[in-house]
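Okay, structure first, notes after.
The values are calculated or read from the model by the stated rules, or taken from the named source; none is laboratory data. Small disclaimer: the values here were computed from a predicted structure and weren't measured. Cβ atoms come from the backbone with ideal geometry, glycine included; neighbour counts cover every protein chain shown.
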Amino acid sequence: MTVGKRIASLFRMDDDTWARHANPWSVWSRTTVLPLLILAAWSRVWIGWWALVPGAAALLWTWFNPRLFGRPHSFDHWASKSVLGERVWTNRDENPVPEHHRVVPNVLNGVNGVGTLFVIWGVVQLSIWPTVFGTALVYASKLWYLDRMVWLYEDTHP
């Protein structure tokens with residue numbers, strides 16, 4: 001089972017949830033999760049242990065977001081195709097993806113992981129530069145990854 005499949009299972013992503021998450025409003029509003037988590041973690045300086053409250057709210061938003069919006073009227077949007085491609089990628093152990101799509105998503109997820117480590121370092125140390133640098137790496141790699149998912153979807157669903 002792929003890591004993506006485990007995460008989808010943890011988030012209870014069924015067919016309806018995937019379709020609702022393909023709504024562009026869901027895709028774009030989900031980009032707020034990382035800044036919310038960073039702000040929640042950083043807020044420990046100002047509000048102490050109460051920082052767990054906005055942290056928990058940000059995590060709940062991560063789970064709730066794919067369920068909040070309705071199915072899109074059309075799946076022709078770039079954002080919708082990125083989610084549908086992500087689902088293809090998640091299921092690649094059952095339905096192998098074309099050879100030319102097998103390396104770059106893993107590399108981009110690795111870059112995302114490195115960015116996440118910088119964010120964690122920055123937040124723990126309350127240091128701006130690693131937090132901002134890590135956030136830039138996370139967003140650049142994630143958006144590039146989503147673009148690759150659009151390409152994957154278009155290649156597998158002509």
Quick one: in the range 89-108, which of the residues that are aliphatic (A, V, I, L, M) and over 17 Å from P158 (Cα atoms) is nearest to the chain's Cα centre (by Cα)? L108
Among the residues of the range 1-56, which ones are under 24 Å from D147 (Cα atoms), at pLDDT 95 or above and among the aromatic types (F, W, Y)? W25, W28
So which residues in the range 86-108 are touching a residue at least 60 places away in the same chain (Cβ under 8 Å) and of a type in the set (D, E, K, R)? E86, R87, R92, D93
Just to check your reading of the model, which residue among V83, V111 is surrounded by 14 or more Cβ atoms within 10 Å (Cβ to Cβ), part of a helix (DSSP H, G or I), of a type in the set (V, I, T) and free of Cβ contacts under 8 Å to residues at least 60 places away in the same chain? V111
For M149: the one exception among (1) assigned to a helix (DSSP H, G or I); (2) without any contact (Cβ under 8 Å) to a residue 60 or more places away in the chain: (2)
For W46, indicate whether it is closer than 20 Å to T131 by Cα and more than 15 Å from the chain's Cα centre (by Cα). yes
Tally the residues that are out of contact with any Gly (no Cβ under 8 Å at 6 or more places or on another chain), in a helix (DSSP H, G or I) and exposed (fewer than 14 other Cβ atoms within 10 Å of the Cβ), restricting the search to the range 115-146. 3
